[in-house]
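First comes the structure, then the notes that go with it.
The values are calculated or read from the model by the stated rules, or taken from the named source; none is laboratory data. Only a predicted model underlies this, so the values are computations on that prediction, with no experimental measurement involved. Here the Cβ positions follow ideal geometry from the backbone for every residue, glycine too, while neighbour counts run over all protein chains shown. Areas reflect the complete protein model, heavy atoms only, side chains present, ligands, DNA and RNA absent. Shrake-Rupley method; radii C 1.70, N 1.55, O 1.52, S 1.80 Å.
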Amino acid sequence: FQCAHYFLVMSKELLFPALEPFYSETMPVGDIHKVYYEVCGNKNGEPCLFLHGGPGSGCSTWARGWFDPERYKIVLIDQRGAGRSTPTAETRENTTQDLINDIELIRQKLGITSWKLVFGGSWGSFLTLAYANHVFSEDYSGNLKTIENLVIYGTFLGRKSELESTYGSGGPAAHLYYDAYQDFMDPIHKLKEKQKISPDQCSVLDVYHEIFKNNEGLFSDEEVEYAVMRWSQWESRIASAVRTPEHWKDIDDYWASNPSGLLSHSILENHYFMNGCWLDGDIFLQDKFAQRLATNDVNIAILIGRFDVVCPPSTAFQLHNNLQRNKVQCKVEITLGGHTALDECNTTRILEMINNNI
């Protein structure tokens with residue numbers, strides 16, 4: 001999340017200095033999408049890949065600063081419908097496997113045959129694990145030799161229980177951030193009062209999906225826009241362990257200044273979550289997945305923010321238990337941070353994981 005709170009600005013200052021890409025391209029993929037990607041840092045450096053969150057968040061320019069530019073050849077991709085990729089918030093031909101195919105297409109175009117590091121948080125952690133599962137599967141036909149290291153934070157496996165924890169009225173997020181949750185539910189309450197949706201509809205994801213799609217034209221543009229704002233506002237408000245209602249206006253101002261980012265974040269998150277992310281996240285907790293990593297000598301580092309209510313820490317612990325049981329080289333770091341990588345304690349540890357511990 002890219003909100004201009006004083007503590008987030010301070011955290012960004014811990015990153016490597018801003019740099020410009022030495023190569024970028026917007027590449028057609030399929031009949032609908034054009035995907036933007038860029039490469040920066042050392043042209044002859046160790047290849048690394050950054051996978052942004054959301055889905056739909058896009059890559060911020062400061063995301064380049066996670067990596068030592070003298071050491072790494074840094075590849076950043078705006079996933080389909082996000083960031084500088086077009087069309088914005090397009091859901092057609094936009095699945096997890098589509099994103100994996102795009103990564104492979106870009107990798108091959110850049111002539112990269114091994115990744116020193118793949119780094120992703122939140123949704124980016126899911127895509128990182130899904131990508132590793134793909135390239136280490138028995139039927140993989142590409143020319144990637146290996147991924148040496150995975151670094152993830154805000155571990156997300158896309159399971160129903162995780163979504164209920166974040167979006168459900170009985171989940172820890174709703175209880176800890178009761179005031180913010182009332183705002184999140186406000187579009188639904190208003191539409192129920194207007195009898196535009198049934199009082200019996202209780203699945204938050206389902207109702208938001210109905211509003212976003214608006215297939216029958218029941219909702220006005222203003223009602224849809226209000227729901228789009230509340231969806232992303234909710235997650236932004238609860239992402240940091242040190243963010244309070246005093247900072248909420250900064251969040252609102254950020255989203256107001258970035259309407260395309262707001263749209264893609266809300267629409268694509270809901271799109272993926274409604275479709276189970278097109279991959280059963282329980283596979284990452286099974287021996288077969290872990291054994292693929294162990295067989296290929298993959299190292300994985302997991303950062304856990306103890307106060308992460310967006311992606312419950314229990315998910316990361318479950319993943320770690322499976323990896324450890326199957327002899328995967330896996331290191332866990334626990335901080336007092338929340339979900340966002342820009343809680344300062346998280347920022348510091350992630351930088352060490354990426355640049356000092358590999």
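The criterion of at least 2 residues that are farther than 27 Å from E222 by Cβ and modelled with pLDDT of 95 or more is met, among helices (runs of 4 or more DSSP H) falling completely within region 121-208, by 123-135, 160-167, 172-176. Inside region 281-300, residues that are open to solvent by 20 Å² or more (accessible area, probe 1.4 Å) and within 17 Å of the chain's Cα centre (by Cα) make up a count of 0. Looking only at residues of region 132-167 that are touching a helix residue (DSSP H, G or I) at 6+ places or on another chain (Cβ under 7 Å), among the aliphatic types (A, V, I, L, M) and within 21 Å of W278 (Cα to Cα), we find that the one that is surrounded by the fewest Cβ atoms within 10 Å (Cβ to Cβ) is L163.
Across region 308-332, what is the number of residues that are out of contact with any strand residue (DSSP E or B) (no Cβ under 7 Å at 6 or more places or on another chain) and assigned to a strand (DSSP E or B)? Counting residues in region 308-332 that are out of contact with any strand residue (DSSP E or B) (no Cβ under 7 Å at 6 or more places or on another chain) and assigned to a strand (DSSP E or B) gives 0. Going by the structure shown, is A82 in a loop (DSSP other than H, G, I, E, B), open to solvent by less than 10 Å² (accessible area, probe 1.4 Å) and in contact (Cβ under 8 Å) with a residue 12 or more places away in the chain? The answer is yes for A82. Among the residues making up region 17-69, those that are out of contact with any strand residue (DSSP E or B) (no Cβ under 6 Å at 6 or more places or on another chain) and at positive phi are G30, G54, G56, G58. The single residue among V151, V135 that is of a type in the set (A, V, I, L, M), assigned by the TED database to the domain that holds H52 and under 30 Å from F307 (Cα atoms) turns out to be V151.
Among the criteria (1) over 21 Å from T91 (Cβ atoms); (2) under 18 Å from the mean Cα position of the chain (by Cα); (3) free of Cβ contacts under 8 Å to residues at least 40 places away in the same chain, the one V228 does not fulfil is (1). Checking the stated criteria, R92 turns out not to satisfy the condition of being touching a strand residue (DSSP E or B) at 6+ places or on another chain (Cβ under 7 Å) and either of a type in the set (D, E, K, R) or in a helix (DSSP H, G or I) (or both).
Scanning region 58-71 for any residue that is open to solvent by less than 50 Å² (accessible area, probe 1.4 Å) and within 19 Å of F273 (Cα to Cα) turns up at least one such residue.
Kindly indicate whether L351 is closer than 22 Å to S11 by Cα, in contact (Cβ under 8 Å) with a residue 40 or more places away in the chain and outside any helix (DSSP H, G or I). So L351 does not fit the description; no. Figure legend. Inter-residue proximity from region 299-315: first residues hydroxyl-bearing (S, T, Y), second residues surrounded by fewer than 24 Cβ atoms within 10 Å (Cβ to Cβ) and modelled with pLDDT of 95 or more, beta-carbon distance below 7 Å, spacing 6+ or different chains. Indicated pairs: T315/L157; T315/E162. Residues of region 281-314 that are closer than 11 Å to N133 by Cα and either of a type in the set (F, W, Y) or at pLDDT below 95 (or both): F284, F289.
Tallying residues that are among the small types (G, A, S), in a loop (DSSP other than H, G, I, E, B) and closer than 27 Å to P259 by Cα within region 44-79 yields 6.
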